[in-house]
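S.K.: This is the structure I want to talk about, given as structure tokens.
The values are calculated or read from the model by the stated rules, or taken from the named source; none is laboratory data. Note that this is a predicted model, so its numbers are computed, not measured. No Cβ is skipped: glycine too gets one built from the backbone with ideal geometry, and neighbour counts run over all protein chains shown. Side chains included, ligands, DNA and RNA excluded: accessible areas come from the protein's heavy atoms. Shrake-Rupley method; radii C 1.70, N 1.55, O 1.52, S 1.80 Å.
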Number of protein chains: 2
Amino acid sequence: MPETRPTLEAVAAQAGVSRATVSRVVNGFAGVREEVREKVQRAVAELGYVPNSAARSLVTRRTGAIAVVIAEPERRVFADPFFAQQLRGVSRELSASDTQLVLLLVENTRDYDRIGRYLAGGHVDGTLMFSLHRDDPLPSMAARSELPTVFGGRPGWPGAEDDPELLYVDSDNRDGARQAVRHLLDRGRRRIAVITGPLDQTSAADRLEGYHEALAGAPGANGVPGASGAQEAGLVAQGDFTAEGGERAMTELLDRHPGLDAVFAGSDLMASGALRALRARGRRIPEDVAVVGYDDMESAAWSDPPLTTVHQDIEEMGGLMASLLLRRIGVVPAVAELAPVVTPVRLVVRSST
Amino acid sequence: MPETRPTLEAVAAQAGVSRATVSRVVNGFAGVREEVREKVQRAVAELGYVPNSAARSLVTRRTGAIAVVIAEPERRVFADPFFAQQLRGVSRELSASDTQLVLLLVENTRDYDRIGRYLAGGHVDGTLMFSLHRDDPLPSMAARSELPTVFGGRPGWPGAEDDPELLYVDSDNRDGARQAVRHLLDRGRRRIAVITGPLDQTSAADRLEGYHEALAGAPGANGVPGASGAQEAGLVAQGDFTAEGGERAMTELLDRHPGLDAVFAGSDLMASGALRALRARGRRIPEDVAVVGYDDMESAAWSDPPLTTVHQDIEEMGGLMASLLLRRIGVVPAVAELAPVVTPVRLVVRSST
């Protein structure tokens with residue numbers, strides 16, 4: 001019943017302030033005294049005022065839309081359920097604030113100029129950027145476009161850590177890897193290999209670090225003492241977060257180290273490829289080789305055998321990113337100072353270990 | 001080497017026309033005499049002129065972006081590989097023309113107003129609309145926004161067929177269904193059930209019609225003569241293009257008709273659900289019940305048993321849609337009048353029949 005909806009004027013009258021002040025408070029702008037803000041918010045609550053987003057966009061020149069850029073080819077975005085889960089969280093959160101999710105698809109890195117032009121073109125109010133690599137041009141594009149941005153994963157480019165305004169959502173990758181490797185050590189495994197993601201992504205680098213940390217706490221494991229032992233022993237292979245990459249890396253590891261008794265894969269997709277490679281070489285899982293994945297995708301529970309893995313709430317992380325951005329833009333009022341979020345992870349033990 | 005690239009001026013000089021005329025031809029605007037257009041096109045070809053898209057957008061106020069709207073919840077878009085394949089074709093084609101693919105995700109039908117606002121906001125130059133249902137508000141939104149639009153699938157809303165400007169890409173759904181059912185008849189099957197998609201989508205309705213047509217040509221099949229026999233005999237069940245829907249529909253059919261000896265499912269996903277339901281009831285495939293799917297998704301070849309299905313080139317259909325739209329907008333010069341495209345389909349026989 002739009003005709004009975006309270007207007008901005010009604011809120012202004014109730015709060016005893018100007019229409020402009022109400023508009024500034026409602027749109028989350030700074031520069032309104034705290035007591036005035038509270039008066040307005042009380043009037044908004046009492047009248048049940050809902051800002052009309054079309055009118056809001058006239059006042060603020062907002063588009064009511066958020067761009068999501070995933071720094072991976074379109075083909076991978078649709079093949080890897082990880083992205084679908086993140087987007088589900090983003091979509092749910094944006095939809096609840098009547099904000100349009102605009103997914104900008106990329107075919108290859110040559111498309112980045114075009115992405116930059118679109119971001120700078122005033123078509124969106126902010127961006128969420130996922131799956132960045134160390135030398136990605138996307139962060140500087142976001143900066144040039146002056147769009148508020150929230151990143152998925154700890155940013156790894158030089159200087160990122162010094163930017164006090166930087167917002168991101170990450171999960172505790174080092175801790176996840178430590179939990180995985182300690183579990184393998186507890187199961188008596190002593191030659192533990194690792195399949196990493198692309199090491200120009202902080203998620204992959206942090207998980208590798210956690211692996212080394214856990215082994216450093218168990219001198220004698222992997223045949224050599226200390227954190228660099230695994231590297232020297234050839235127990236580290238790099239994958240690319242795909243099943244095919246995991247299969248290839250596992251095959252390499254078996255060639256170099258036929259006697260390995262466990263493998264920690266930096267994603268469930270890579271673990272599924274590793275399972276395939278192990279079976280192809282006649283290894284029994286977990287009797288001969290124990291396998292741990294990462295992510296706890298739906299498929300981990302039905303894999304053969306069901307996969308021990310590090311659970312992270314991927315959908316929730318997408319939702320948190322959207323929520324941070326909506327607060328930074330002011331679509332949703334920020335009640336506290338905005339800061340990066342690192343979510344906890346936990347090991348889920350199934351029969352692959 | 002951008003510094004040696006021929007300019008608009010060079011083309012104008014070569015063709016002996018004004019800069020404005022070249023711009024109008026290059027940008028696909030009407031109102032240029034045919035002989036002038038040809039002169040300009042010859043000069044463009046001779047000099048190898050490539051319009052600069054940034055400059056072009058200044059002239060034409062184009063955004064260099066195309067919106068894709070899939071009239072399904074975000075959740076289904078990412079769960080059904082059909083959409084990923086269509087988007088792959090779209091993305092490849094748009095990227096080749098340096099045009100940005102903007103995927104507008106929908107959580108539920110309440111989000112459509114927002115989609116309409118975004119489309120009307122001047123953020124894109126055209127739209128591709130997929131998976132429309134009969135009463136979808138999207139076509140009228142596209143019309144109100146005055147954006148050039150190409151539809152995926154034959155539009156089914158009232159009056160659509162009378163619009164001479166309407167562009168769509170469809171595959172020959174009736175023929176596909178006829179091929180599937182004739183194949184089952186050739187294999188000696190006489191009680192052939194069908195699992196349809198949602199009948200408010202023309203793809204589902206057309207496949208059901210093809211099923212009836214093939215049976216009408218085989219009096220005596222399904223125990224009753226004529227096209228309406230199957231309906232009367234309860235051999236028609238409606239699914240929703242998902243595996244779960246196919247499983248449910250198959251179970252219903254078996255309850256009503258334990259003696260059925262074949263089923264034609266309107267999509268591979270529904271066929272996979274049907275296989276599950278048949279196995280749960282102890283039916284051997286194809287000995288007891290032969291199964292045909294539709295789409296020929298990658299998974300059809302590895303299903304157990306491998307699935308006989310109707311092949312349509314889904315990625316190519318996505319590419320054709322993008323290509324039609326780029327021509328309608330004038331990003332790519334149209335060499336002939338634009339018209340809807342209906343692509344052929346063919347049956348792929350595997351061991352499920």
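S.K.: Could you work out which residue, out of B:117, B:191, B:92, moves most in a Gaussian network model of chain B, that is, has the largest mean-square fluctuation with Cα springs under 10 Å?
M.R.: Highest fluctuation among the options: B:117.
S.K.: Sticking with this structure for a sec: Roughly how large is the A-B contact in terms of buried accessible area, totalled over both chains, probe 1.4 Å, nearest 100 Å²?
M.R.: 2800 Å²
S.K.: To continue, here is another question. Taking a label point 7 Å from Cα toward Cβ, how far is residue B:299 from its twins in the other copies, in nm, shortest first?
M.R.: When each copy's label point is compared with this one, the spacings are 1.1 nm.
S.K.: Express in nm, to one decimal, how much length is gained between residue A:140 and residue A:10 on full extension, taking 0.36 nm for each residue of separation and deducting their alpha carbon distance.
M.R.: Working: separation 130, 0.36 × 130 = 46.80 nm, distance 4.31 nm.
Length gained, residue A:140 through residue A:10: 42.5 nm.
S.K.: To continue, here is another question. Please compute the per residue accessible area over the protein assembly as shown with all protein chains in place, 1.4 Å probe, rounded to a whole number of Å². Provide the component values of the computation, followed by the final result.
M.R.: Working: 30300 Å² over 706 residues.
Per-residue value: 43 Å².
S.K.: Another question, then. Report the trypsin sites (Lys or Arg not before Pro) located in segment B:227-323 that are in a DSSP loop and have at most 14 other Cβ atoms inside 10 Å of their Cβ, or state none.
M.R.: When the trypsin sites (Lys or Arg not before Pro) of segment B:227-323 are filtered for loop state and at most 14 Cβ neighbours within 10 Å, B:281, B:284 remain.
S.K.: Run through the DSSP bridge list for the protein assembly as shown and note the antiparallel percent, rounded to the nearest 5.
M.R.: 15 percent
S.K.: Shifting gears a bit: Once the label point is placed 7 Å from Cα along Cβ, list for residue A:259 the distances to the corresponding points in the other copies, in nm, shortest first.
M.R.: Nearest first, the other copies' label points are 6.9 nm away.
S.K.: I would also like to ask the following. Report, in degrees rounded to the nearest 10, the 0 to 90 angle that the Cα long axis of helix B:202-216 makes with the longest principal axis of chain B.
M.R.: Helix B:202-216 sits at roughly 40 degrees to that axis.
S.K.: With contacts defined as alpha carbon pairs under 8 Å and 6 or more residues apart, what's the relative contact order of segment B:229-339 in percent?
M.R.: 19 percent
S.K.: Give me the extension gain from residue A:20 to residue A:161: residue separation times 0.36 nm, minus the current Cα-Cα distance, reported in nm with one decimal.
M.R.: 47.0 nm
S.K.: Within segment A:70-85, which residues have the backbone N less than 15 Å from the label spot 7 Å out from residue A:244 along Cα→beta-carbon, could you tell me?
M.R.: Label zone hits: A:73-80.
S.K.: On a C-alpha basis, how far is the centre of segment A:335-352 from the centre of segment B:149-225 in Å? Whole number, if you could?
M.R.: Here the answer is 49 Å between Cα centres.
S.K.: Do the sum for chain A: with -39,500 (n - 2.57) for every DSSP H run of n ≥ 4, divided by all residues, what is the mean residue ellipticity at 222 nm, to the nearest 500 deg cm²/dmol?
M.R.: Values: 15 runs with 158 residues, N = 353.
After summing the helix terms and dividing by the residues of chain A, the value is -13500 deg cm²/dmol.
S.K.: In segment B:158-192, whose amide N lies under 11 Å from the spot 7 Å out along Cα-to-Cβ of residue B:209? List them in ranges.
M.R.: Answer for this model: B:173-175.
S.K.: Suppose we flag GluC sites (Glu not before Pro) only when DSSP calls them loop and at most 16 other Cβ atoms lie within 10 Å. Which is the longest uninterrupted stretch of chain B? Write out the running numbers ahead of the final one.
M.R.: Numbers: sites that count: B:146, B:165, B:287, B:337.
That would be B:1-145.
S.K.: Give the angle, between 0 and 90 degrees and rounded to the nearest 10, that separates the Cα long axis of helix A:243-256 from the longest principal axis of the Cα atoms of chain A.
M.R.: Roughly 30 degrees between the two axes.
S.K.: Considering Cα pairs under 8 angstrom that are at least six residues apart, work out the relative contact order of chain B and quote it in whole percent.
M.R.: Worked out over chain B, it gives 18 percent.
S.K.: Another one. Could you compute the FRET efficiency for residue A:41 and residue B:108, with r as their C-beta to C-beta distance and R0 at 22 Å, rounded to 0.05?
M.R.: Details: r = 29 Å, r/R0 = 1.33.
It comes to 0.15.
S.K.: At a 1.4 Å probe, which residues in segment B:89-113 are at least 30 Å² less accessible with all protein chains present than in their chain isolated?
M.R.: Output list: B:91, B:95, B:98, B:100, B:101, B:102, B:103, B:105, B:107.
S.K.: If we hang a label 7 Å off Cα along the beta carbon direction at residue A:113, how far is it from the matching labels on the other copies, in nm, shortest first?
M.R.: Inter-copy label distances (nm, one decimal, shortest first): 4.1.
S.K.: Ok, one more. Which of A:258, A:305, A:148 moves the most in a Gaussian network model of chain A with Cα springs under 10 Å?
M.R.: A:258
S.K.: Given a Förster radius of 30 Å and the C-beta distance between residue A:338 and residue A:33 as r, what FRET efficiency does 1/(1 + (r/R0)^6) yield to the nearest 0.05?
M.R.: Working: r = 21 Å, r/R0 = 0.69.
The pair residue A:338/residue A:33 has a calculated efficiency of 0.90.
S.K.: Let me ask something else. Evaluate E = 1/(1 + (r/R0)^6) for residue B:287 and residue B:216, where r is the Cβ-Cβ distance and R0 equals 30 Å; express this FRET efficiency to the nearest 0.05.
M.R.: Computed FRET efficiency for residue B:287 and residue B:216: 0.65.
S.K.: How high is the relative contact order of segment B:173-312? Use alpha-carbon pairs under 8 Å, at least six apart in sequence, and give a whole percent.
M.R.: Relative contact order of segment B:173-312: 23 percent.
S.K.: While we're on this one: Roll a 1.4 angstrom probe over the protein heavy atoms and tell me the percent of accessible area of segment B:173-312 that is carbon or sulfur.
M.R.: Numbers: 2540 of 5250 Å².
Accessible surface attributable to carbon and sulfur in segment B:173-312 totals 48 percent.
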